[in-house]
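Comments concern the structure below.
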Amino acid sequence: MPDARGRFGPYGGRFVSETLSFALEDLEEIYASLRDDPAFQAEFDHDLTHYVGRPSPLYHAERWSNALGGAQIWLKREDLNHTGAHKVNNTIGQALLAKKSGKPRVIAETGAGQHGVATATVAARLGLECDVYMGATDVERQKLNVYRMRLLGARVIPVESGTRTLKDAMNEALRDWVTNVDDTFYIIGTVAGPHPYPLLVRDFNAVVGREARRQSLEQIGRLPDALVACVGGGSNALGLFYPFVEDEGVAMYGVEAGGDGVATGRHAAPLSSGAPRGVLHGNRTYLMSDDAGQVADTHSISAGLDYPGVGPEHALWKDVGRVNYVAANDDAVLEAFRELTHMEGIMPALESAHALAQAKVMAPTMRPDQHIVVNLSGRGDKDIMTVAKLDGIEF
Amino acid sequence: MNRIDQRFSELKQQGRRALIPFITAGDPAPRYTVGFMHALVEAGADVIELGVPFSDPMADGPVIQKACERALAAGTRLVDLLDMVAEFRRTDSATPVVLMGYLNPIERIGYEAFARRAAEVGVDGVLTVDMPPEEADELAPLLKANGVAAIFLVAPTTSRQRAAAICAQGDGYLYYVSLKGVTGSATLNAEDVAEHLAPLRELTDLPLCVGFGIRDGATAAEVARVADGVIAGSALVNRIADNATTPEAVPGALKAVLGDMRRAMDAATAPDLADAPR
Ligand SMILES: Cc1ncc(COP(=O)(O)O)c(C=O)c1O
């Protein structure tokens with residue numbers, strides 16, 4: 001748990017302009033009153049069951065495991081959730097908070113578009129006005145999700161400033177929130193941002209790990225040897241890891257976007273590249289920035305991981321050594337994407353393929369009686385255009 | 001005495017309000033900034049707020065965002081800003097200079113090194129937009145120990161309880177954000193500002209300065225009637241943007257805008273001459 005100031009060790013906190021302080025204090029208060037409220041939890045669980053389609057299966061990827069010739073790989077199928085990713089768990093939770101706070105409008109930032117789609121979806125369901133900020137580069141590479149959001153009734157606002165990716169979308173969402181703070185609820189899409197967001201987003205996604213833990217005991221007969229998940233801001237990873245944190249025998253791997261390779265500087269891997277501490281978007285964390293403190297450009301084939309920072313709780317897990325943070329390069333990610341698609345008939349999101357790439361490295365070094373659970377955070381439909389382009393196919 | 005306190009006590013004696021222009025340092029290129037600062041002083045600036053360009057200025061609107069982009073494209077770093085202040089001080093030892101920006105560049109230099117160097121070159125105050133008082137427990141004491149004021153914001157959404165805490169921690173002046181929004185947005189409502197300032201007066205003796213939404217002489221005058229200082233940013237930065245390719249025209253353009261504000265403010269707050277002894 002973070003301390004009273006929302007800090008995980010030296011990380012986290014609430015580094016925002018004064019105008020937003022009251023809204024965050026409000027949110028903190030609302031969430032504190034609901035966090036242990038059985039009625040709220042029951043409402044959340046009901047929505048997860050009947051609207052999202054939980055629990056998601058834990059699937060044994062037998063053919064792929066055999067081909068790799070080592071540990072057994074199990075996939076936590078967040079791709080089967082309504083809207084196609086783990087992002088919906090959190091938006092369902094925050095939508096309930098928005099409803100309790102009586103605000104008629106929600107906003108969100110999005111990279112790959114999955115969080116935007118999840119937000120547009122809950123907004124449609126609750127009849128809330130919805131604006132989604134998205135970097136102009138991401139609008140281009142995730143056209144399909146842009147159109148999905150529009151069909152759902154959301155306004156997608158392309159952001160032209162900065163690097164035109166996720167971090168700039170978040171800047172713009174914060175500007176909107178400052179301006180419309182009276183009637184707008186900001187649904188942040190990952191375990192970053194000012195306190196209490198890292199806490200509540202982690203809580204809402206921890207359903208993934210609770211299920212995976214129970215399913216492992218049922219299906220494997222014991223806890224797995226290792227967990228693997230990709231890390232953009234880090235919400236699917238924390239969601240999977242958190243309920244296993246006390247299980248010392250379970251190793252954990254967070255996989256960042258290695259881009260062209262961590263050594264090339266063209267990546268989005270603040271933890272595995274040893275980026276210094278910094279402050280951005282309301283929290284202190286590992287942050288890719290230059291010597292003058294300007295936030296660095298990032299690169300990743302996957303829009304959802306293309307972010308220079310990471311949630312503050314991950315920064316702490318890195319320092320205390322509970323989670324191993326590694327990076328997967330674009331090439332390895334594409335290879336894992338194709339392999340899973342061919343061998344298991346499951347097309348993963350490019351974000352999730354980062355976790356698969358790491359499993360592919362680990363499995364052959366392990367024994368067939370060992371087990372790896374990989375978080376399949378989302379499905380790959382949204383990335384078909386990107387992969388097709390690499391194959392020389394234009395639609 | 002810190003130059004900021006000195007300046008406000010002089011103004012108080014004269015019954016005048018502070019005029020506080022903001023420009024982004026290094027916009028359009030670092031070599032022009034000191035000249036612009038002198039021009040601001042000539043046009044009647046009492047305090048200069050010097051913006052530290054940042055790649056992700058979350059609290060700013062498009063005008064200042066673009067100024068940051070121009071300054072960064074020209075290679076401006078926080079260390080360069082400190083050199084600019086040192087150069088400015090060679091010919092102006094009286095005008096207070098406040099650095100305004102975001103925390104990350106300061107984090108990279110290191111709090112202690114930054115506070116020491118800022119004091120050394122003659123910086124009088126530091127306002128970090130994304131560092132509310134709760135997060136200031138490391139940097140603010142270091143600034144104070146070096147004689148540099150840690151200046152804080154108060155917003156229309158700030159509760160009385162928070163305002164009291166901010167007033168207790170604040171130094172130099174309080175920066176009251178006149179509206180919900182980013183820099184350069186919407187129009188300011190002077191009555192609303194006056195209503196928010198009144199309770200702050202009960203909490204502190206710090207000068208209350210108002211920023212956001214001050215675009216011309218008329219708005220500056222309205223605010224001058226209710227506040228101790230008037231902070232103008234985007235209106236000036238716009239003039240720099242207009243002349244980004246002809247920087248030699250900038251000082252004149254800045255003087256025109258700021259001069260208007262100065263005259264309007266002084267006229268609005270002049271003691272009634274009819275009552276003055278002759
Ligand atoms: C499918 C999928 N996985 C992972 C991520 C990365 O986010 P996080 O690290 O918060 O789980 C995204 C973000 O867009 C995503 O769409």
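The values are calculated or read from the model by the stated rules, or taken from the named source; none is laboratory data. Note that the coordinates shown come from a computational prediction; the quantities given were computed from them, not determined experimentally. Every residue, glycine among them, receives a Cβ derived from its backbone with ideal geometry; neighbour counts consider all protein chains shown.
Here are a few things to note about the model shown:
- Residues satisfying the stated conditions in the stretch B:63-99, i.e. more than 8 Å from every other protein chain (Cβ to nearest Cβ), within 23 Å of residue B:243 (Cα to Cα) and of a type outside the set (Val, Ile, Thr): B:66, B:67, B:68, B:70, B:71, B:73, B:74, B:75, B:80, B:81, B:84, B:88
- Boolean, residue B:11 is free of Cβ contacts under 8 Å to residues at least 60 places away in the same chain and not acidic (Asp, Glu): no
- Residue count, the stretch A:77-127 (criterion: closer than 24 Å to residue A:228 by Cβ, assigned to a strand (DSSP E or B) and small (Gly, Ala, Ser)): 1
- The set of residues in the stretch B:203-229 that are part of a loop (DSSP other than H, G, I, E, B) and free of Cβ contacts under 8 Å to residues at least 60 places away in the same chain comprises B:204, B:205, B:206, B:212, B:213, B:214, B:215, B:216, B:225, B:226.
- Each residue in the stretch A:285-302 was checked for being within 16 Å of the ligand (Cβ to nearest atom) and either on the phi > 0 side of the Ramachandran plot or touching a Leu at 6+ places or on another chain (Cβ under 7 Å) (or both), and 4 pass.
- In the condition set (1) surrounded by fewer than 24 Cβ atoms within 10 Å (Cβ to Cβ); (2) touching a residue at least 24 places away in the same chain (Cβ under 8 Å); (3) outside any helix (DSSP H, G or I), residue A:161 is compliant with all but (2).
- Look at the stretch A:249-260: where a residue is more than 11 Å from residue A:229 (Cα to Cα) and a partner is aromatic (Phe, Trp, Tyr), sitting 6+ places away or on another chain with Cβ atoms under 9 Å, you get A:250/A:241; A:250/A:244; A:257/A:307.
- Answer residue from the stretch A:177-208, given it is among the charged types (D, E, K, R) and more than 9 Å from every other protein chain (Cβ to nearest Cβ) and is farthest from the ligand (Cβ to nearest atom) among those: A:183
- Subset of the stretch A:128-155 [of a type in the set (Val, Ile, Thr) and either assigned to a helix (DSSP H, G or I) or out of contact with any Gly (no Cβ under 7 Å at 6 or more places or on another chain) (or both)]: A:137, A:139, A:146
- Residues of the stretch B:118-145 satisfying the condition of being away from chain A (no Cβ under 14 Å), surrounded by fewer than 22 Cβ atoms within 10 Å (Cβ to Cβ) and under 19 Å from residue A:293 (Cβ atoms): B:121, B:142
- Candidates A:212, A:237, A:229: the one that is aliphatic (A, V, I, L, M) and more than 12 Å from the ligand (Cβ to nearest atom) is A:212.
- Hits in the stretch A:272-287 (condition: in a loop (DSSP other than H, G, I, E, B) and crowded, with 24+ Cβ neighbours inside 10 Å): A:281, A:287
- Set A:314, A:342: member being within 13 Å of the ligand (Cβ to nearest atom) and part of a helix (DSSP H, G or I): A:314
- Condition met for residue B:91 (buried (at least 18 other Cβ atoms within 10 Å of the Cβ), of a type in the set (S, T, N, Q) and over 30 Å from residue A:163 (Cα atoms)): no
- Residue check, residue A:260 within 14 Å of chain B (Cβ to nearest Cβ) and either away from the ligand (no atom under 16 Å from the Cβ) or among the small types (Gly, Ala, Ser) (or both): no
- Residue list for the stretch A:82-101, filter: more than 16 Å from residue A:237 (Cβ to Cβ) and within 13 Å of the ligand (Cβ to nearest atom): A:83, A:84, A:88, A:91
- In the stretch A:4-58, the residue that is surrounded by the fewest Cβ atoms within 10 Å (Cβ to Cβ) out of those that are of a type in the set (Phe, Trp, Tyr) and facing chain B (nearest Cβ under 10 Å) is A:22.
- In summary, residue A:104 fulfils each of the numbered conditions (1) modelled with pLDDT under 95; (2) away from the ligand (no atom under 12 Å from the Cβ) with the single exception of condition (1).
- Scanning the stretch A:264-308 for residues that are within 14 Å of chain B (Cβ to nearest Cβ) and of a type in the set (S, T, N, Q) gives A:283, A:285, A:289, A:294, A:298.
- Every residue from the stretch A:320-339 that is in a helix (DSSP H, G or I) and in contact with a Lys or Arg (Cβ under 9 Å, 6 or more places away or on another chain): A:332, A:335, A:336, A:339
- Residue identified as among the β-branched types (Val, Ile, Thr) and over 29 Å from residue A:52 (Cβ atoms) among A:320, A:374, A:310: A:320
So that you can scan it fast, the table gives a plain yes or no per residue for (1) hydrophobic (A, V, I, L, M, F, W, C); (2) out of contact with any helix residue (DSSP H, G or I) (no Cβ under 9 Å at 6 or more places or on another chain); (3) surrounded by 24 or more Cβ atoms within 10 Å (Cβ to Cβ); (4) at pLDDT 95 or above:
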| residue | (1), (2), (3), (4) |
| --- | --- |
| A:270 | no, no, yes, yes |
| A:292 | yes, no, no, yes |
| A:302 | no, no, yes, yes |
| A:313 | no, no, yes, yes |
| A:344 | no, no, no, yes |
| A:347 | yes, no, no, yes |
| A:353 | yes, no, yes, yes |
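- The stretch A:210-238 - residue that is touching a Gly at 6+ places or on another chain (Cβ under 6 Å) and not β-branched (Val, Ile, Thr) and, of those, surrounded by the most Cβ atoms within 10 Å (Cβ to Cβ): A:237
- When each of A:308, A:368 is tested for being farther than 30 Å from residue A:170 by Cα and at pLDDT 95 or above, the lone residue that passes is A:368.
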